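Comments concern the structure below.
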Amino acid sequence: MITDEEIQKIFDWADKNQLNGKRVHAQKRWGIDIDEEDFKKNAYDNIRDGIPRDKDTLLKVTHLNLRKQKLKDVPKEIGKLGNITHLTLYGNSIKILPDDFFDLTNLKSLSLSSNEFISIPNKIGNLVKLEELYLLRNSLKELPSGIGNLINLRDLNLYGSSRLKELPKEIGNLVSLEYININDCDKLEELPKEIGSLVALKELRISSKKLKNLPKEIGNLINLENLDITTCPLKELPSEIGNLANLKYLDLTQISLKKLPLEIGNLKKLKNLELTYCDELKELPKEIGNLTNLKKFKLYGCDSLKIFPKEISNLHSLEYLRFSSLNSKKIPSEIGNLANLKHLDIESNLLLETIPKNFSNLKKLDILEVTIDEDNENSPNLKKQIIEITGMKFFKFGYYTTVFLRTCGDKILEDKQLDNKSSFTLTPKGKIDKNIPKNILLKGVPGTGKSRAIENIINNKLELKNHKENILRINIHSASSNADLMQGIGISSKDGQIEYKEKQGLILNLIQRATFNPNQPFVLILEEIQENSLNKLIGDLIYLIEEDKRAKNIVADDEEYEYQELVEKIVADNPETAYVEIPYLVNDSTEYRKMIMPNNLYIFCTSNYRDDKKVIEDNLLRRFEVLEIYPKVDVVHEYCKEFFSQLNENILEVMSDEIHPDRFLIGHSNWLKVENQEAFYRAFLKVVVEFKDIKEVEFSDFKEIVEKLPLVDALDLSSYKALIEDLQSKAGYDFLD
């Protein structure tokens, strides 16, 4: 029993640490089951993210969330609150827990992540009902042997424990453990052989810069479905890995393997295999052809790989294959026998000269990505050969990546070079709407209709629905460069001599066409700029896009001009026209050429709420109309409208201690056609995965967001893993069985 004096000590500690959140439905917040009428009467008795100051309420609490409260200690009297089943102390500065804390023997979920723990008391073994233990991003050097008493533990997450050197052998006693994450544990030197006793384990994630061997007992994990080993100096895998009869996903990234064990061919249920950046891997065993259920195979960044076994032809279920750095001028002909292949990515192979003729057998291939050096004199022949053999259509190219599609509905714009003469086009197309800002940046969480809003402007305001040739849409990504978008240098060889020539980028081409068509609207769409700097991508264009810097007095005539000649004329006729000077990249001349921004070119950008802070920091705010796009409830199907509305309301409430809680909102795009239970489960599954893997929200917080919502009462809300498995089984994904 807890005394009044002990209760007061808890209250004093709460006052000292200002554990006072905004007022909410107290009983709902603290996980107390009460009558609905009683709930209505006592709706605002206490506070959120703090300690309820009422003794009776405090003693009934089952869920206590004290995340990010700047706590440095926890009073021992907390251990007397025996009804607590879920406790979150995530994101504080706690270094040690009192022994009495571990009298919370009804705990099922405990998060001590992102604190300053160097060690955990052995008395953690008292928490025998514990099912989830989160110890992410602490300074732990070891785990106590008492952890072996947690026989009901299902999830153990040690991610980011960068000082952890070993796991205790008692970990083998965790017979209920289904998931363990020891990623980014860079000082971990070995796994105990007792890990082979975890017969219930389904997912194991490992990365450590010191781990050189895996115990052979890992082959005893007969229920393991997902094995993820990354950034480890492993020289070999034990042959016993072939005993993992239920393994479905195997990821071997940045490890020092020189070869794979022959027994890998025994993994009959394997569906996804990733061998990436294994620099010392020289060959694949022929037994890899036994993986007849393999659907996805990534094999890239393995620079020493020389041998591609002919048995690869036996992978009849393979639908996606990516490989690279094979240091060969030819693609293995065995790939042409993969009749079910849908997506083939053979990037980073600039030596490629030809493709096998049996690629004509790949009738189901929808996407072919090939790395082709556009400056290589053999490039046109190779593209022609691919089209003739596969029957596919050339779609687009960046500086290196060439894409071919089975079907291609987009019109491909022809490049005009700067030295070609053109005349003004007076044919009316679209409408230049002076009420539409020239530069718009639409921001918001994914799925809020940013691209759709742009389409509405283009179709209804600028009237370009039937004139897509006036629109350039570019998806910005980490490999996007100024050379692709504006101008760059191409290098080629002819008659033994190296030649350099300028390459006109896609945006520079659009500017040129807009200049020659001043009475037509043109649109540049830059999608998902959040992870990139526009200053670096479009350079001097940043200066010219401002309203008062644009060229507004372009007068059409009947003459023909080279583009640079026309720019010089416009500047001469209108001295107030702003311009920038750009160099000739391969010309010995010290002269610069001028570039202007025509007033009929609209620039529309989208940015997702994930990493868009730098977009504003890059001094674009004064150049763009920055508009926030939020989720819309009214467009969601009636079947799930109440759920969707309450979901986002709960997100704002539960995540209110975050700096920008609206970044956790869910967009409406996946909910427009959710009109039955199966469709709901599929849409909700995306939400769960987003919170787990992208937003990295702890399950206790996610559960608080969703557990009282309509339509979820029949779902297993005991953990992320249980919920995902439940949703997948109910969403009609029968092919997973």
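The values are calculated or read from the model by the stated rules, or taken from the named source; none is laboratory data. Because the structure is predicted, anything quoted here is derived from the model rather than measured. Methodologically, a virtual Cβ is constructed for each residue, glycine included, from the backbone with ideal geometry; neighbour enumeration extends over all protein chains shown.
Side notes on the structure shown:
- Which listed residue is surrounded by fewer than 17 Cβ atoms within 10 Å (Cβ to Cβ), over 25 Å from Leu201 (Cα atoms) and aliphatic (A, V, I, L, M), from Ile84, Ile96, Ile151, Ile78: Ile96
- Here Glu568 fulfils each of the conditions (1) closer than 23 Å to Lys438 by Cα; (2) at pLDDT 85 or above apart from (1).
- Test: residue in segment 710-721 that is surrounded by fewer than 17 Cβ atoms within 10 Å (Cβ to Cβ), at pLDDT below 90, out of contact with any Asp or Glu (no Cβ under 6 Å at 6 or more places or on another chain) and under 25 Å from Leu153 (Cα atoms): yes
- Residues within segment 568-579 that are more than 16 Å from Asn599 (Cβ to Cβ) and of a type outside the set (Gly, Ala, Ser), tallied: 3
- For segment 449-479, a tally of residues being part of a loop (DSSP other than H, G, I, E, B), at negative phi and at pLDDT 90 or above returns 2.
- Boolean, Asp558 is in the same structural domain as Phe624 (by TED's automatic domain parsing), over 19 Å from Asn517 (Cα atoms) and either modelled with pLDDT of 85 or more or of a type outside the set (Phe, Trp, Tyr) (or both): no
- Residue in segment 641-653 that is surrounded by 15 or more Cβ atoms within 10 Å (Cβ to Cβ), part of a helix (DSSP H, G or I) and either without any contact (Cβ under 8 Å) to a residue 12 or more places away in the chain or at positive phi (or both) present: yes
- Ile511 being closer than 19 Å to Asn439 by Cα, at pLDDT 75 or above and out of contact with any Ser or Thr (no Cβ under 8 Å at 6 or more places or on another chain): yes
- Annotation note: of Phe691, Phe702, Phe684, Phe680, the sole residue that is in contact with a Lys or Arg (Cβ under 8 Å, 6 or more places away or on another chain) and of a type in the set (A, V, I, L, M, F, W, C) is Phe702.
- Members of segment 262-317 that are among the hydrophobic types (A, V, I, L, M, F, W, C), loosely packed, with under 15 Cβ neighbours inside 10 Å and part of a helix (DSSP H, G or I): Leu262
- Of all residues making up segment 154-194, the number that are crowded, with 21+ Cβ neighbours inside 10 Å, over 19 Å from Cys232 (Cβ atoms) and more than 31 Å from the chain's Cα centre (by Cα): 1
- Count - residues of segment 203-212 that are among the charged types (D, E, K, R) and buried (at least 21 other Cβ atoms within 10 Å of the Cβ): 0
- Counted residues, segment 693-703 - those being within 21 Å of Trp671 (Cβ to Cβ) and outside any loop (DSSP other than H, G, I, E, B): 4
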